[in-house]
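K.L.:
Sharing a structure below in structure tokens format, with a few things to ask.
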Amino acid sequence: MSGRPRLTVFGTGYLGTAHAACLASLGFEVLGVDVDAARASALQAGTLPFYEPGLEPLLRAGLHGGRLSFTTSYPDAAEFGNVHFICVGTPQRPGSGGADLSQFEACFAGLAPLLRRPCLVVGKSTVPPGTVAAYGQRLPAIAPAGPGAELAWNPEFLREGHAVGDTLRPDRIVAGVRSARAEATLRAVYAEPLAAGIPFLVTDPATAEMVKVAANAFLATKISFINAMAELCEMTGADVLSLAGALGHDRRIGASGMRPGLGFGGGCLPKDIRALAARAAELGAGEALEFLHDIDAINQRRRTRVVDLAREAAGGRLESRRVGVLGVAFKPGSDDIRDSPALEVAARIQALGARVAVFDPAAMDRAKHVHPDLEYAGSVLGAARDADVLLVLTEWPEFAAADPEVLAKTVARQVVVDARHALDADAWRACGWDYRAPGRPGSAPPARTAGIRLHQAALHEAAAGFLAAAV
Ligand code: UDX
């Protein structure tokens, strides 16, 4: 292929849209492809169908500059591109932990028979180990271009809320390739980030595919590790925030990605660790990844713990209590509510008989759609009005910036559960709030505290005995 490759991007979710718009901003001609006609035409009109800071201006610039467009036509895409990125979703299969590869399969099966000239198909979707090998064999057998059509793997590590930065300036670019031609093509696509010094790691496609799932498993493990420590902190009166800070100073551990709280959710980490564990079991390596079930279980327990904390904070029952909820998105900077710990906690509290009023800066419409039963307030103050307990479930900066003195005048009772450790505990306590947060002193469940008291009493008794013996 001579000159700059022309690119197609199949699947226009968070990953595909960010990839298409960012590559167009680097000067490539890019065609985005989606089977959802409404989505393709919204994007063609410059409207982003989801919230992602900084992405819409890039989308519009690409459209106006004539470098970016969207279609539903596979034949047009096959005709247009020399490099075809596959960015379709790989959700969890209903009723099992495994990955549902039907979108990937449909995309591949639709595109491959249309590839008549030499080209590179590049997988970016997150898939369980072993997927690439199977498709890599099928591609030259199905494509009219034969061995001229090659499959490479180039996993994507972008975080929602940081999609543009993570796409244009990733920590690393991983190129899983079988030939020098494929490597040269990916180097041409990423010439600009590479010139800026972003590490380019060349490996085989099977390893590239593993890098993504292993990275997500590690990130999930790190979060569940500190949340498991939070459980222990509640038993001993230790402070998980100070603990995480102290651990993070060890450069081998590092502080980032280790914020304790309500745990992980979203469209990636939960389903990716389940898919990895399921595939490992299929491959006969289930025992090696058995720990991922614990990582998942620790993570699920966070949601139960926060519901319990809310109940304790509400005086032992949630029935007929008014609960104000700040945040329903799975994390700040996103309107994504897929497997959102925040939305699940809000819904569970409502199911326990509370009247729940929620506010989120971005995810209200999506949450309303799934949970029309919750009350939706127009602001932080609206959600807090007459609340018996206020819960912070997503750490949006505007919640951290809320004035505890102003909120104190709005609520019925000044009790706050800060499930994401987003607030300045001292400032809130100074304004008279009963501040509680998982894994922090003052939030231990009564039964456990009683257990500690008994334990402490036993220690005192032993110490007294020791002193008596010494004298
Ligand atoms: C994740 C990976 O980070 C990314 O590399 C991959 O491509 C897709 O999955 P994302 O789901 O967008 O990205 O969000 P991330 O920022 O990793 O957060 C995931 C979840 O973990 C969120 O619910 C977040 O609130 C939670 N989290 C994150 C913590 O509880 N503690 C942390 O320290 C970090």
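Please treat every number below as a calculation from the coordinates, not as lab data. Only a predicted model underlies this, so the values are computations on that prediction, with no experimental measurement involved. Backbone-built Cβ (ideal geometry, glycine too); neighbour counts: all protein chains shown.
K.L.:
For a label point 7 Å from the Cα of C431 along Cα→C-beta, name the residues of the range 364-398 whose backbone N is under 16 Å from it.
P.N.:
Hits in the range 364-398 for C431 at 16 Å: 379-393, 396-398.
K.L.:
To the nearest 10 degrees, how steeply does helix 446-470 sit against the main Cα axis of the chain, on a 0 to 90 scale?
P.N.:
So the helix axis and the longest Cα principal axis differ by about 60 degrees.
K.L.:
Angle check, please: helix 341-351 long axis (alpha carbons) against the longest principal axis of the chain (alpha carbons), in degrees 0 to 90, nearest 10.
P.N.:
Approximately 50 degrees, to the nearest ten.
K.L.:
Compute the length gained on full extension between D36 and A285: take 0.36 nm times their separation in residues and subtract their Cα-Cα distance, giving the result in nm to one decimal. If you can, show how the numbers build up before the last one.
P.N.:
Working: separation 249, 0.36 × 249 = 89.64 nm, distance 3.74 nm.
Difference between extended and current length: 85.9 nm.
K.L.:
Starting with the highest mean, order 118-127, 427-436 by the number of other Cβ atoms within 10 Å, averaged over the residues of each peptide.
P.N.:
Details: 118-127: 24.6, 427-436: 17.0.
Ranking the peptides 118-127, 427-436 by packing returns 118-127, 427-436.
K.L.:
Let me ask you something else. I need the trypsin sites (Lys or Arg not before Pro) found in the range 210-299, filtered to DSSP loop residues with at most 10 other beta carbons within 10 Å of theirs. Write down the numbers at each step before the final one.
P.N.:
Values: sites: K212, K222, R251, R252, K271, R274, R279; in loops: R251, R252.
In loop regions of the range 210-299 (DSSP not H, G, I, E or B), the sparsely surrounded trypsin sites (Lys or Arg not before Pro) are R251, R252.
K.L.:
Could you rank the peptides 169-179, 348-358, 81-91 by their average count of other C-beta atoms within 10 Å per residue, with the highest value first? Walk me through the intermediate numbers first.
P.N.:
Working: 169-179: 17.6, 348-358: 20.1, 81-91: 23.1.
Order by mean packing, descending: 81-91, 348-358, 169-179.
K.L.:
How much length is gained if the chain between A351 and V370 is pulled fully straight, taking 0.36 nm per residue apart and subtracting their Cα-Cα distance, in nm to one decimal? Show your work: numbers first, answer last.
P.N.:
Details: separation 19, 0.36 × 19 = 6.84 nm, distance 1.43 nm.
Extending this stretch completely gives an extra 5.4 nm.
K.L.:
Order of 194-201, 287-294 by packing, highest average Cβ count within 10 Å first? Show your work: numbers first, answer last.
P.N.:
Working: 194-201: 11.8, 287-294: 14.2.
Per-residue mean Cβ counts within 10 Å order the peptides as 287-294, 194-201.
K.L.:
OK, next. Take every DSSP beta bridge with both residues inside the chain and express the antiparallel ones as a percent of the total, to the nearest 5. Intermediate values should be presented prior to the final figure.
P.N.:
Details: 2 of 44 bridges.
So the antiparallel bridges in the chain amount to around 5 percent.
K.L.:
Same structure again: Taking the Cα-to-Cβ direction at D250 and at I198 and moving 7 Å from each Cα, how far apart do the two end points lie in nm?
P.N.:
Calculated label separation equals 3.2 nm.
K.L.:
Could I ask something else about it? Answer with one residue from T394, I142, L7: the one whose Cα lies farthest towards the positive end of the charge dipole of the chain, charges on Cβ with Lys, Arg +1 and Asp, Glu -1.
P.N.:
Positive-end residue among those listed: I142.
K.L.:
Among rounded, prolate and oblate, which fits the range 7-203 when a ≥ b ≥ c are the square roots of the eigenvalues of its C-alpha gyration tensor, a/c under 1.5 means rounded, and a/b larger than b/c means prolate? All intermediate terms of the calculation are to be shown ahead of the outcome.
P.N.:
Values: a/c = 1.28, a/b = 1.18, b/c = 1.08.
It comes out rounded by the Cα gyration axes.
K.L.:
Could I ask something else about it? How high is the relative contact order of the chain? Use alpha-carbon pairs under 8 Å, at least six apart in sequence, and give a whole percent. Don't skip to the end; give the middle numbers.
P.N.:
Details: 935 pairs, mean separation 54.8, N = 471.
Result for the chain is 12 percent.
K.L.:
Using alpha carbons only, how many degrees (0 to 90, rounded to 10) separate the axis of helix 205-236 from the longest principal axis of the chain?
P.N.:
Here the helix axis deviates by roughly 10 degrees.
K.L.:
Same structure again: According to the square roots a ≥ b ≥ c of the eigenvalues of the Cα gyration tensor, what is the shape class of the chain, taking rounded for a/c under 1.5, prolate for a/b larger than b/c otherwise, and oblate for the remainder?
P.N.:
On the way: a/c = 2.46, a/b = 1.74, b/c = 1.41.
It is prolate, given that a/c is not under 1.5 and a/b is the larger ratio.
K.L.:
From the helices alone, meaning DSSP H stretches of at least four residues, give me the mean residue ellipticity at 222 nm for the chain, per-run term -39500 (n - 2.57), in deg cm²/dmol to the nearest 500. Write out the running numbers ahead of the final one.
P.N.:
Numbers: 20 runs with 221 residues, N = 471.
For the chain, the value works out to -14000 deg cm²/dmol.
K.L.:
Right, another one. Classify the range 264-342: rounded, prolate or oblate, from the alpha-carbon gyration tensor (a ≥ b ≥ c, eigenvalue square roots; a/c under 1.5 rounded; otherwise prolate if a/b is larger than b/c)?
P.N.:
Values: a/c = 4.46, a/b = 1.93, b/c = 2.31.
Oblate, since a/c reaches 1.5 and b/c is not below a/b.
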